[in-house]
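Here's the structure, in structure tokens; my notes come after.
The values are calculated or read from the model by the stated rules, or taken from the named source; none is laboratory data. Keep in mind that what you see is a predicted model, and the values were worked out from it rather than measured. Note: ideal-geometry Cβ built from the backbone for every residue, glycine included; neighbour counts use all protein chains shown. For the accessible areas, the whole protein counts, side chains as well, though only heavy atoms, and no ligand, DNA or RNA atoms are used. Shrake-Rupley method; radii C 1.70, N 1.55, O 1.52, S 1.80 Å.
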Amino acid sequence: MMLKMGKDKPLSQTANGIVTHANETLKKHVGAIHTSGDLSFIERKLSNILLYHAYDELLVKRTHSIPVSILCAMLGWDASKNYSLLKDALKKLVSTPIEFNLRKDGDDDWQVMSILSSARILGGVCTFRYDEELAEKFYDPDIYSMINLRIQRKFDGAYALNLYENCVRFRPNDKKKNGSTGPWSLPLFRTIVGATSDYYDDFRRLNSKIIKPTVEQINRVSDILITPEF
């Protein structure tokens, strides 16, 4: 399977009733994008929001904080303070590893670390911490993708958000990217989007329940247009 992208689409300045800035964009390491295929929809959104909030100070601070009220609003929980769900999502980020596979001086360079090293909620404030080496990778990665958080708010499911993050870095640009992901095996595609259940071993189910609806949602709400080729 291969996904091809057309030209960028114009977007409005609002998402789900929340007024946002046009530059509300996160530079996210590809290693984090692939690993977060293991995350739920809420956990993936939370990971992006926390990294966006901390980004400017990643190299000068290990611990960062954000009011829970703002965090919930950015997650789309405008009328709710679901602390239990937020705590569960934070626990998953602390326990989920990121793997980095690089080539260095002709040798394989493999590293693993957790997305967050710790998290805390006290007095209406969420405090979280990144490992120093991970913070350095996040701040100046060799390979990264630009994730727009106002587009993220428009997605309503993990499969589409996972696929969007894994496609958007291939959009046509002046760095010789031709707008194609290149070929993905179906098992790889299923891992990327998180559709690993045996239920999707049947391609007809995978196509009708995952591929078609995720492509439709990406083309409807995001800034790229994708077309699958088999």
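Pairs linking a residue in segment 206-230 that is in contact (Cβ under 8 Å) with a residue 40 or more places away in the chain and in a helix (DSSP H, G or I) to a residue that is charged (D, E, K, R) and open to solvent by 40 Å² or more (accessible area, probe 1.4 Å), with Cβ atoms under 6 Å and 6 or more positions apart or on different chains, are 221/154. Can we say residue 216 is within 18 Å of residue 41 (Cβ to Cβ), of a type outside the set (A, V, I, L, M) and open to solvent by less than 10 Å² (accessible area, probe 1.4 Å)? Answer is no for this residue.
Tell me yes or no: at least one residue of segment 107-120 is modelled with pLDDT of 90 or more and in a helix (DSSP H, G or I). Within segment 107-120, not a single residue is modelled with pLDDT of 90 or more and in a helix (DSSP H, G or I). Just checking, does segment 82-91 include any residue being modelled with pLDDT under 80 and out of contact with any Cys (no Cβ under 6 Å at 6 or more places or on another chain)? Yes, that holds for at least one residue.
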